[in-house]
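Report on the following structure.
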Amino acid sequence: MIVIPSVATERASAKFVFTHFNAENGEGINSKPYIFLLGLLMSQYTLTGFDASAHMTEETKDADRNGPKGIISAVGISIVVGWGYILGITFAVTDILYLLSEDNDAGGYAIAQVFYQAFKKRYGHGTGGIICLVIVAVAIFFCGMSSVTSNSRMAYAFSRDGAMPLSSLWHKVNKQEVPIYAVWLSVFISFCMALTSLGSIVAFEAMVSIATIGLYIAYAFPIFLRVTLARKHFVSGPFNLGRYGVVVGWVAVLWVLTISVLFSLPVSYPITIKTLNYTPVAVGCLLILVVSYWLISGRRWFKGPITNI
């Protein structure tokens, strides 16, 4: 946030940072409102993951209060730090086309090129930029670790309730009370999914395209049930929004519906096999699979969550 714009010998103007749209992007999209709406995807993706606090509540003291506080803190910190991070980078951007060109030093990886170029122009070499990239790489590692942690706790919870194949194995915990088999299951599946990128980047992108709206749809389902079917008999915890809870809930549900439509729109024209936005296909297939499994089998034996108390 501080080093990159400070080191950069050329800085963009505030007008460029806050008002410029890259309409000449080579993607066939020139509409500024459309570019703005597509740009929301990155911010929405960045804010996901705040549910990690919810998945860790069984390992949290005073979870009924600290769980919600963790969720709100995660969103607030992401907004503030993310905003500063984006500003720091965009003030160091002066030539967008060169940043995206595969002929630059970073091979078209824009963020790496911003870091490398800032130090290279100032000191004649880009070592400082590479060090900054290491910091980003460490952050990405922590992001992956957080994902595995959250996913393994979800696998543990589902298997404890008997809702997964081989449930008796995945919900076992070790001496440190960690669901170790669920952790390794999450790592193994993540590793296998990443391997597809070696064979086909299109297949990999199609698989991960569900990530953002898939998570938000999952968030929205319990909120929707809370403000509809369970509105009158829902028992609030000690940390709640009071009378504003229903209003905020409806805003959240409507927002998720909005971004689900937005993020299913094409991101490049003309539309080909490589440029097709596979998000609606991935979401549709997953919904069909889950609903079919519930109707055919799940509803006959699943009785709901099993309490530990």
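The values are calculated or read from the model by the stated rules, or taken from the named source; none is laboratory data. Just so it is clear, the structure is predicted and the values come from calculations on it, not from any experiment. Reconstructed Cβ throughout: ideal geometry from the backbone, glycine too, with neighbour counts over all protein chains shown. Heavy atoms of the whole protein, side chains included, go into the accessibility calculation; ligands, DNA and RNA do not. Shrake-Rupley method; radii C 1.70, N 1.55, O 1.52, S 1.80 Å.
Descriptive notes on the structure:
- Of the residues examined, G199 is one that is free of Cβ contacts under 8 Å to residues at least 40 places away in the same chain and open to solvent by less than 80 Å² (accessible area, probe 1.4 Å).
- Qualifying residue in the stretch 3-19 (condition: closer than 30 Å to S147 by Cα, in a helix (DSSP H, G or I) and either outside the structural domain of S152 (by the TED database) or open to solvent by 70 Å² or more (accessible area, probe 1.4 Å) (or both)): yes
- Matching residues, the stretch 229-272, being touching a Lys or Arg at 6+ places or on another chain (Cβ under 7 Å) and either open to solvent by 90 Å² or more (accessible area, probe 1.4 Å) or of a type in the set (A, V, I, L, M, F, W, C) (or both): F234, F239, V246
- Scanning the stretch 277-307 for residues that are touching a residue at least 40 places away in the same chain (Cβ under 8 Å) and either surrounded by 15 or more Cβ atoms within 10 Å (Cβ to Cβ) or part of a loop (DSSP other than H, G, I, E, B) (or both) turns up N277, Y278, T279, A282, V283, F302, G304, P305, I306.
- Qualifying residues in the stretch 40-72 (those that are more than 14 Å from S146 (Cβ to Cβ) and among the small types (G, A, S)) - the one surrounded by the fewest Cβ atoms within 10 Å (Cβ to Cβ): S43
- Residue pairs meeting the criteria (Cβ under 7 Å; at least 6 apart or on separate chains; first open to solvent by less than 80 Å² (accessible area, probe 1.4 Å), in the stretch 127-140; second of a type outside the set (F, W, Y) and not in a helix (DSSP H, G or I)): none
- Selection of the stretch 269-309 for residues being under 30 Å from I29 (Cα atoms), modelled with pLDDT of 85 or more and small (G, A, S) yields only G284.
- Which listed residue, of E10, E24, is farther than 23 Å from T212 by Cβ, modelled with pLDDT under 80 and more than 27 Å from the chain's Cα centre (by Cα): E24
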